[in-house]
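J.: Take this structure first; my questions come after.
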Amino acid sequence: MGSTPFRVPPPTLQLCERGRSLRGQGSPRTMTESSKPILYSYFRSSCSWRVRIALALKSIDYEMVTVNLIKDGGQQFSEEFQALNPMKQVPALKIDGITIGQSLAIIEYLEETRPTPRLLPQDPKKRAHVRMISDLIASGIQPLQNLSVLKQVGQEKQLSWAQQVISSGFNALERILQSTAGKYCVGDEVSMADLCLVPQVANADRYKVDLTPYPTISRINKSLLTLEAFQVSHPCRQPDTPPELRA
Amino acid sequence: MKQVPALKIDGITIGQSLAIIEYLEETRPTPRLLPQDPKKRAHVRMISDLIASGIQPLQNLSVLKQVGQEKQLSWAQQVISSGFNALERILQSTAGKYCVGDEVSMADLCLVPQVANADRYKVDLTPYPTISRINKSLLTLEAFQVSHPCRQPDTPPELRA
């Protein structure tokens, strides 16, 4: 058993141990070389949560680098994070020698390279339903109420904007689920659609959206939250969760 | 969703353009719209999602209505420029002849319509030479021409090619 090799990371990128925050500046540290995937995540980012759930469901061991979207004007705008992900957004996953942005692209990559347990059904029509629901949330709802858009909308209008965007999307989603849902969004197996649903319901709660019109969404959300992968990945249990929000 | 596109096919109806395209790819696999290699597939999906989640929804019709007529143009320009800044950087490492390598992929299907939107909202494309080059190449292909907004059954006369 030899000693673990140490390497001073290049000054342009501060690789940190699990649970430490990304720092824009500061001295490089000697770090253990890690071949584990690295997830760049913010506790409250619903898109990061989707990927955290996928990693938990597939039992993939990984390192986390937290990126605070508010602090220091937003650490996602730092030079080194931009170099890693030009979108200046979380999540980003460094895995198998590449860096992937966009939560659904990450999840599909995990599905193709670590296929068990499945996050997409085998049948192409059911896969289409899973992707349709995932896209409804990931393109049709979440981007319209994310941090940067809400900043643009302005503080006075933020709450009503977010509520309107989420309600509108949930109206459509509730209808679609009438025909696709079993125990979960599509049939009785957890899928990528469910990974999108739970974080979006959390956003709905955060913006005080009344969920009474959406009984199917509520039921499925409640079932999913009993599963360990959805609990361990929850925003209230992350290394960067502030004390007042911690479970 | 009260949105287009929707495709009625094989006894089901699918909404969401990328979900439709992935279904077509899985059931009518030739010619490919996604590479075989998982890492290249990840790049194709990342670029597609960047456009389909990160740019287009923020400048679509219903959002622009909400933003209000005065602010619409600057909002659309800002959203598209912001997204294209990121896309141009990503393409530096993924692009060959097209968005990902040298084969047309789902990413290219997202790129061309988004550049058309950029033109519509008078976004200056000079900062995006890779996007411009790829867009120009793709527009020479028949599939991109026959599907063009200016050649559709519902194209108004004044916009028809």
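The values are calculated or read from the model by the stated rules, or taken from the named source; none is laboratory data. Values in this document were obtained by computation on a predicted structure and should not be read as measured data. Cβ sites come from the backbone with ideal geometry, for glycine too, and all protein chains shown count toward neighbours. These area figures cover heavy atoms from the full protein model, side chains too; ligands, DNA and RNA do not enter into them. Shrake-Rupley method; radii C 1.70, N 1.55, O 1.52, S 1.80 Å.
J.: Evaluate the following for B:Leu50: is it closer than 21 Å to B:Gln114 by Cβ and either open to solvent by less than 20 Å² (accessible area, probe 1.4 Å) or touching a Pro at 6+ places or on another chain (Cβ under 6 Å) (or both)?
T.: yes
J.: Additional query: Give all pairs with beta carbons closer than 7 Å in which a residue from region A:110-135 that is within 21 Å of A:Phe230 (Cα to Cα) and acidic (Asp, Glu) meets a residue that is open to solvent by less than 20 Å² (accessible area, probe 1.4 Å) and assigned to a loop (DSSP other than H, G, I, E, B); count only pairs at least 6 apart in sequence or on separate chains.
T.: These pairs meet every condition: A:Glu111/A:Leu119; A:Glu111/A:Leu120.
J.: Which residues, taken from region A:37-88, are of a type in the set (Gly, Ala, Ser) and either assigned by the TED database to the domain that holds A:Ser139 or under 20 Å from A:Arg206 (Cα atoms) (or both)?
T.: The answer is A:Ser41, A:Ser45, A:Ser46, A:Ser48.
J.: Being touching a helix residue (DSSP H, G or I) at 6+ places or on another chain (Cβ under 6 Å) and either of a type in the set (D, E, K, R) or away from every other protein chain (no Cβ under 12 Å) (or both) is the filter here; which residues of region A:70-102 pass it?
T.: Correct list: A:Lys88, A:Val90.
J.: For region B:53-62, give me each residue that is open to solvent by 10 Å² or more (accessible area, probe 1.4 Å) and within 7 Å of chain A (Cβ to nearest Cβ).
T.: B:Ser53, B:Gly54, B:Leu58
J.: Checking the structure you have, find out if any residue of region B:127-146 is farther than 19 Å from B:Pro31 by Cα and either of a type in the set (Phe, Trp, Tyr) or not in a helix (DSSP H, G or I) (or both).
T.: Looking for residues that are farther than 19 Å from B:Pro31 by Cα and either of a type in the set (Phe, Trp, Tyr) or not in a helix (DSSP H, G or I) (or both), one finds at least one in region B:127-146, hence yes.
J.: Would region B:31-40 turn up any residue that is closer than 23 Å to A:Lys157 by Cβ, open to solvent by 20 Å² or more (accessible area, probe 1.4 Å) and either under 18 Å from the mean Cα position of the chain (by Cα) or not small (Gly, Ala, Ser) (or both)?
T.: no
J.: Still on this structure: Please work out if B:Cys99 is crowded, with 17+ Cβ neighbours inside 10 Å, under 22 Å from B:Arg32 (Cα atoms), touching an Asp or Glu at 6+ places or on another chain (Cβ under 7 Å) and within 14 Å of chain A (Cβ to nearest Cβ).
T.: Judged against the criteria, B:Cys99 is a match.
J.: Do we have A:Lys94 as open to solvent by 60 Å² or more (accessible area, probe 1.4 Å), in a strand (DSSP E or B) and under 18 Å from B:Ala86 (Cβ atoms) here?
T.: For A:Lys94, the condition - open to solvent by 60 Å² or more (accessible area, probe 1.4 Å), in a strand (DSSP E or B) and under 18 Å from B:Ala86 (Cβ atoms) - is met.
J.: Quick one: is A:Ala105 surrounded by 24 or more Cβ atoms within 10 Å (Cβ to Cβ), without any contact (Cβ under 8 Å) to a residue 40 or more places away in the chain and facing chain B (nearest Cβ under 10 Å)?
T.: So A:Ala105 fails the test.
J.: Would a scan of region B:64-78 turn up a residue that is within 10 Å of chain A (Cβ to nearest Cβ) and not in a helix (DSSP H, G or I)?
T.: Taking every residue of region B:64-78 in turn, at least one turns out to be within 10 Å of chain A (Cβ to nearest Cβ) and not in a helix (DSSP H, G or I).
J.: I would also like to ask the following. Is it the case that some residue within region A:110-117 is among the β-branched types (Val, Ile, Thr) and more than 8 Å from chain B (Cβ to nearest Cβ)?
T.: yes
J.: (1) assigned to a helix (DSSP H, G or I); (2) open to solvent by less than 20 Å² (accessible area, probe 1.4 Å): which one isn't true of B:Ile21, the others all being true?
T.: Every listed condition holds for B:Ile21 apart from (2).
J.: Okay, moving on. Report, by residue number, each residue of region A:12-71 that is open to solvent by less than 60 Å² (accessible area, probe 1.4 Å), assigned to a loop (DSSP other than H, G, I, E, B), over 29 Å from A:Lys151 (Cα atoms) and modelled with pLDDT of 50 or more.
T.: Within region A:12-71, A:Ser34, A:Pro37, A:Lys58, A:Ile60, A:Tyr62 qualify.
J.: For A:Gln76, work out the one condition from (1) over 21 Å from A:Val190 (Cβ atoms); (2) assigned to a helix (DSSP H, G or I); (3) modelled with pLDDT of 95 or more it doesn't fulfil.
T.: (3)
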